[in-house]
1. If each residue of separation counts as 0.36 nm, what is the full-extension length gain between residue 60 and residue 30 once their alpha-carbon separation is subtracted?
2. Taking the Cβ of each residue in 9, 27, 82 as the centre, tally the other Cβ atoms inside 10 Å and list the residues starting with the fewest.
3. Taking Cα centroids, how far is segment 67-111 from segment 4-35 in Å?
4. Just want the ordering: 89, 43, from fewest to most Cβ atoms lying within 10 Å of their own Cβ.
C-alpha cells in the first residue's frame, strides 16, 4: 500500500481527498487513515491519485522504451558515421576524377584540333574522285 500512497501534511491531504480538516480529523480518529508526526507537523498517508499512479507507470514504460531504443540506435549511429566518412572520401575521389577528366578532355580536344588542321592541309578531293580509284 505504501507505493500507491504518499505522506502529505494535513492541508495537502484535505486538498487531495477533497474534504475539510474537521472531516479528516474524524477519519483519523476512526482510523480510516494512518498518521505520523514529522516534527511539529502531522502527516497523513493518503492514496495517490489514479492519474499519478498511471503517470508513474507510464514513466517506467517510457524509460524502458528509451533504454531499448538507445540499444538499437547505437549500431545504427555508428553505421551512419561510417557511411558519412565513406561519402566524404568518395566525394574527394569524384572531384579528383572530374579534374583528370577535364584535363584529358582538354588534351583530347587539342589533339582533335591538331588532327583537323593536318586534314585541312591536305587538298580536298572531289566527291566523284572516290569512284575513280585508278586515278589516285
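1. On the way: separation 30, 0.36 × 30 = 10.80 nm, distance 3.60 nm.
Here the segment from residue 60 to residue 30 would lengthen by 7.2 nm.
2. Fewest to most other Cβ atoms nearby, the residues stand as 82, 9, 27.
3. 69
4. 89, 43
Laboratory data are not the source of any read-out in this text; all were calculated from the coordinates shown. Just so you know, these numbers come straight off a predicted model, no measurement behind them. Every residue, glycine as well, gets a Cβ built from its backbone with ideal geometry; the counts of neighbours run over all protein chains shown.
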